[in-house]
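K.L.:
Input: one structure, supplied below.
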Amino acid sequence: MPKVLRVVVIMHSSFKVWVSISLLIIVVALAITAYSLGYLTPSIVVNVVGKKPVNAYVQVFAVLPPGHNESLIEVWSGTASNGVVRVPITVLSKIASEWVAKGYGSEGVGIEVVATYVSGSTVYYDMMFTAYEPGTLLSTINNPMLSMARLNYMTVSLNLTNTYQLAKALTKPQVPTPPAPPGCWWVNITSKSWQTPIIKIPIAWVYDNVPNYLGGALGAYSTQTTTATVYFYASMGLAQGGSTSVTYKFIGYSTYTSSSNWNALGFGLSQPSAGFLYQNGTIGVATLQLYCITGPTNQYAYEAFVASILSGIGTSSDITYLNGFLNLYKAYTGYSPQYVPFDEIYVGGGKTYNYWFSNVQAYSPPFGFSGTIPVGLIIAYIAQTLGKSLSIPGFILANLAAGVQVTTIKVSIVEILINQFNNLLSSYGSGDLFVAALPVKYSSSSGNYFYYPFILGFNVTGLGSYSSGTSIYVDGPGVIFNPCIPINSYNWTVYVSIGNSPLLVPGGTVTATVYNSQGSVVWSGTFTIPTSIDGSPPHQPAVVSIPWTIFNYGVPYNTYYIKFSYNGYTTPQGSIGYGSSTTTITIYAELQSCGP
């Protein structure tokens, strides 16, 4: 047999280490080279979904820092592939550097993402604001290793829920064709884009109409156990030409700040009769117009938003400023701002009135805001004082607001406290509290419900005689099954709102009546809305529990109807009456197999 020569190579441990380090250096070098060529650039990932992912045309607009005349500037555009597009964050580097130079490196500053898709003669589109921190973005861009760890820098999802009908179908197909727009796109009309100088932006205000009788304090960003982030949401009004038919929506947050800057404003008795809490910042407006390859259309998106916000909350008793922008509402719309009778006040015998406008989403999920700021009115007033023409329909501008949201219910956006009364006049103090609201409908992001957003503005009055209608929103299952695991009941949460605002009534009862498909009553029960939690008015929903055994489960299903009736409520001293209201939902009871 031939001899086989065997060679054994023994690697020294130091040689292994040298090889490992060399490989690591090569990998890092390749990564840095790929990064420098743009292959590993962190990106904003935009997902565009209609009924399915579509190749929409995507545009990105950046909010400009204070000192610019315009509020928005387009920084990128391109076409999605299979519903996804990656926008390199380097397109924001120049503007981010400006923000950092002006002291906003750690503040949230805005971008707006717009997606447009054409199918036949229908244009589908959506707009959404989001925010980034300029200092963090620049650090990511300037550090290749950090960049590779943050390739998906942020994600924005657009659902194309808005539509516009063209006179005839476009013949040019909508396929990825960057950088040319493939069908329709939006133009930022620079003559209608403007932002204020740094001004006082009222976070909340109060008018005490009985300052010699009742007094208290207005607080903002009061931290109970923790800090949080406060977001300011942009709004838009969609309109065609000079039409008075306008669709109002909130479209994501344009900036954010810390909630740790608590402050309070005293009012009434020996203090001012009115005042407001404010943060310094800028407000922007913009007008986008839809263009297609056939020319401009008459579809406009009018937008208003908080463009920048500075930390720290101030107080002011400048009634002229308050009256200035609030009086513009009637001048622009022909109507006075609406005030909703929110609650009855009772002070004395060790009792005070205290309500925290925390995250209203905890109490009223479909609405999701702790209040709004009338930024359209404020920017209109500032423009008027500076002699600036905004060229935006006044009735639309007056109804544009900035939604305010906080990340936790442990931090209140606004606290209203009535704890003083003139004891020379009586042994206790009574009155009513009103909350301002915009008398126009805002639609939800899904478009299946509407509401009148309330503003963080308050009127304190003496005890009067008022009434308000109510409306009901129900949250709970639409399809139920015979339970395989024992349960007592199915639950529905019933939100009874004051008028059409997201503000909930302070008390009363809700009756739930279940009907079968033949219209016969099979069950009924009445449930109480809480009137007090730890001595404070809760303004909470009623929870309706219906035994699962009253339903007959079928294949494929049996149909039932649940009628929810709010039975009305009168406050303890009789000053406010809330009317009754009803709504009915359909329930499908399906039989399921519980066997192995």
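K.L.:
So, in region 183-227, how many residues would count as being open to solvent by less than 10 Å² (accessible area, probe 1.4 Å) and under 25 Å from the mean Cα position of the chain (by Cα)?
P.N.:
Adding up the residues that qualify gives 14.
K.L.:
Can you name the condition, by its number, that C594 falls short on among (1) touching a strand residue (DSSP E or B) at 6+ places or on another chain (Cβ under 7 Å); (2) on the phi < 0 side of the Ramachandran plot?
P.N.:
Only one criterion is unmet by C594, namely (1).
K.L.:
On the basis of being in contact with a Pro (Cβ under 8 Å, 6 or more places away or on another chain), modelled with pLDDT of 90 or more and farther than 28 Å from G237 by Cβ, does I95 make the cut?
P.N.:
On the way: in contact with a Pro (Cβ under 8 Å, 6 or more places away or on another chain): yes; modelled with pLDDT of 90 or more: yes; farther than 28 Å from G237 by Cβ: no.
In short, no.
K.L.:
Being open to solvent by 70 Å² or more (accessible area, probe 1.4 Å) and closer than 16 Å to T570 by Cα is the filter; apply it to region 514-540 and report the residue that is modelled with the lowest pLDDT.
P.N.:
T531
K.L.:
Something else: Could you list all residues from region 245-277 that are part of a strand (DSSP E or B) and touching a helix residue (DSSP H, G or I) at 6+ places or on another chain (Cβ under 9 Å)?
P.N.:
Within region 245-277, the subset part of a strand (DSSP E or B) is 247-258, 263-267, 274-277.
Of everything in region 245-277, those that are part of a strand (DSSP E or B) and touching a helix residue (DSSP H, G or I) at 6+ places or on another chain (Cβ under 9 Å) turn out to be Y248, A274, G275, F276.
K.L.:
Condition first: of a type outside the set (S, T, N, Q), open to solvent by less than 40 Å² (accessible area, probe 1.4 Å) and farther than 20 Å from V375 by Cβ. Now tell me which residues in region 62-81 satisfy that. Walk me through it before giving the result.
P.N.:
Residues of region 62-81 of a type outside the set (S, T, N, Q): 62-68, 70, 72-76, 78, 80.
Adding the requirement that they be open to solvent by less than 40 Å² (accessible area, probe 1.4 Å) leaves 62-66, 72, 75, 78, 80.
Those that are of a type outside the set (S, T, N, Q), open to solvent by less than 40 Å² (accessible area, probe 1.4 Å) and farther than 20 Å from V375 by Cβ: V75, G78, A80.
K.L.:
Within region 257-274, identify whether any single residue is within 20 Å of V406 (Cα to Cα), within 20 Å of the chain's Cα centre (by Cα) and open to solvent by less than 10 Å² (accessible area, probe 1.4 Å), and answer yes or no.
P.N.:
There is at least one residue in region 257-274 that is within 20 Å of V406 (Cα to Cα), within 20 Å of the chain's Cα centre (by Cα) and open to solvent by less than 10 Å² (accessible area, probe 1.4 Å).
K.L.:
Okay, moving on. Could you list, in sequence order, the residues of region 316-336 that are closer than 21 Å to Y221 by Cα and crowded, with 17+ Cβ neighbours inside 10 Å?
P.N.:
S316, L322 - these are the residues of region 316-336 that are closer than 21 Å to Y221 by Cα and crowded, with 17+ Cβ neighbours inside 10 Å.
K.L.:
Output the residues belonging to region 288-321 that are aliphatic (A, V, I, L, M), within 22 Å of G67 (Cα to Cα) and in contact with a Phe, Trp or Tyr (Cβ under 7 Å, 6 or more places away or on another chain). Before the answer, list the steps.
P.N.:
Pass one, region 288-321, residues aliphatic (A, V, I, L, M): 288, 290, 293, 301, 304, 306-307, 309-310, 313, 319.
Retained after the next criterion (residues that are within 22 Å of G67 (Cα to Cα)): 288, 304, 306-307, 309-310, 313.
Passing the criteria: L288, V306, I309, I313.
K.L.:
Out of A264, A234, report the one residue that is closer than 13 Å to A304 by Cβ and touching a strand residue (DSSP E or B) at 6+ places or on another chain (Cβ under 8 Å). Spell out how you get there, then give the answer.
P.N.:
On the way: A264 fails: closer than 13 Å to A304 by Cβ.
Answer to the selection: A234.
K.L.:
Tell me which of these Y557 doesn't satisfy, since it passes every other one: (1) open to solvent by less than 70 Å² (accessible area, probe 1.4 Å); (2) more than 25 Å from G462 (Cα to Cα).
P.N.:
Among (1) open to solvent by less than 70 Å² (accessible area, probe 1.4 Å); (2) more than 25 Å from G462 (Cα to Cα), Y557 violates only (1).
K.L.:
Looking only at residues in region 140-174 that are open to solvent by 70 Å² or more (accessible area, probe 1.4 Å) and either at pLDDT below 75 or of a type in the set (D, E) (or both), which one is farthest from Q240 (Cα to Cα)?
P.N.:
Restricting to residues being open to solvent by 70 Å² or more (accessible area, probe 1.4 Å) and either at pLDDT below 75 or of a type in the set (D, E) (or both), the top hit is M145.
K.L.:
While we're here: Taking Y302 as the residue in question, decide whether it is closer than 30 Å to T287 by Cα and open to solvent by less than 60 Å² (accessible area, probe 1.4 Å). Walk me through how you get there before you give the answer.
P.N.:
Values: closer than 30 Å to T287 by Cα: yes; open to solvent by less than 60 Å² (accessible area, probe 1.4 Å): yes.
Taking the combined requirement at face value, the residue satisfies it.
K.L.:
Return the residues of region 560-584 that are crowded, with 16+ Cβ neighbours inside 10 Å and either in contact with a helix residue (DSSP H, G or I) (Cβ under 7 Å, 6 or more places away or on another chain) or in a strand (DSSP E or B) (or both); say none if nothing qualifies.
P.N.:
Result: Y560, I562, F564, S565, Y566, Y569, I576, Y578, S581.
K.L.:
Continuing with this model, one more query. Inside region 127-139, can you point out the residues that are buried (at least 23 other Cβ atoms within 10 Å of the Cβ) and assigned to a strand (DSSP E or B)?
P.N.:
Of region 127-139, the ones buried (at least 23 other Cβ atoms within 10 Å of the Cβ) are 127, 129, 134, 137.
Correct list: M127, F129.
K.L.:
So how many residues does region 392-414 have that are touching a helix residue (DSSP H, G or I) at 6+ places or on another chain (Cβ under 7 Å), modelled with pLDDT of 85 or more and outside any strand (DSSP E or B)? Write out each step before concluding.
P.N.:
Here is the first cut: in region 392-414, the residues touching a helix residue (DSSP H, G or I) at 6+ places or on another chain (Cβ under 7 Å) are 392, 394-395, 397-402, 409.
With modelled with pLDDT of 85 or more added as a condition, the list becomes 392, 394-395, 397-402.
Keeping just the survivors that are outside any strand (DSSP E or B) gives 392, 394-395, 397-401.
So the answer is 8.
K.L.:
Is one or more of the residues making up region 100-114 in a strand (DSSP E or B) and in contact with a Pro (Cβ under 9 Å, 6 or more places away or on another chain)?
P.N.:
To start, the set of residues in region 100-114 that are in a strand (DSSP E or B) comprises 108-114.
Subsequent filtering for residues that are in contact with a Pro (Cβ under 9 Å, 6 or more places away or on another chain) retains 109.
Yes, there is a match, as at least one residue in region 100-114 is in a strand (DSSP E or B) and in contact with a Pro (Cβ under 9 Å, 6 or more places away or on another chain).
K.L.:
Hey, among T559, T570, which residue is closer than 20 Å to E344 by Cβ and among the β-branched types (V, I, T)? Steps first, answer last, please.
P.N.:
Numbers: T559 fails: closer than 20 Å to E344 by Cβ.
None of the others qualify; the one that does is T570.
K.L.:
Let me ask something else about it. Out of all the residues in region 541-554, which are among the aliphatic types (A, V, I, L, M) and open to solvent by 30 Å² or more (accessible area, probe 1.4 Å)?
P.N.:
V543, I550
K.L.:
Out of curiosity, is V84 within 21 Å of Y124 (Cβ to Cβ), open to solvent by 10 Å² or more (accessible area, probe 1.4 Å) and touching a residue at least 40 places away in the same chain (Cβ under 8 Å)?
P.N.:
Numbers: within 21 Å of Y124 (Cβ to Cβ): yes; open to solvent by 10 Å² or more (accessible area, probe 1.4 Å): yes; touching a residue at least 40 places away in the same chain (Cβ under 8 Å): no.
Spelling it out, it is not the case that V84 is within 21 Å of Y124 (Cβ to Cβ), open to solvent by 10 Å² or more (accessible area, probe 1.4 Å) and touching a residue at least 40 places away in the same chain (Cβ under 8 Å).
K.L.:
Cβ-Cβ below 6 Å, separation at least six or inter-chain, first residue in region 246-264 and modelled with pLDDT of 90 or more, second hydroxyl-bearing (S, T, Y) and open to solvent by 30 Å² or more (accessible area, probe 1.4 Å): which pairs?
P.N.:
F250/Y233; Y253/Y231; Y253/Y233; Y256/T229; Y256/Y231
K.L.:
Sticking with this one: Can you tell me which condition A101 does not meet? The list is (1) open to solvent by 20 Å² or more (accessible area, probe 1.4 Å); (2) modelled with pLDDT under 95, and all the others hold.
P.N.:
(2)
K.L.:
Taking region 538-569 on its own, how many of its residues are on the phi < 0 side of the Ramachandran plot and within 33 Å of the chain's Cα centre (by Cα)?
P.N.:
Of the residues in that region, 16 qualify.
K.L.:
Output the residues belonging to region 275-290 that are under 27 Å from G241 (Cα atoms) and open to solvent by less than 10 Å² (accessible area, probe 1.4 Å).
P.N.:
Of region 275-290, the ones under 27 Å from G241 (Cα atoms) are 283-290.
Hits for region 275-290 are I283, G284, V285, A286, T287, L288, L290.
The values are calculated or read from the model by the stated rules, or taken from the named source; none is laboratory data. Everything numeric here is computed off the predicted structure, so don't read it as measured data. In this analysis, Cβ positions are derived from the backbone assuming ideal geometry, glycine residues included, and neighbour counts consider all displayed protein chains. These area figures cover heavy atoms from the full protein model, side chains too; ligands, DNA and RNA do not enter into them. Shrake-Rupley method; radii C 1.70, N 1.55, O 1.52, S 1.80 Å.
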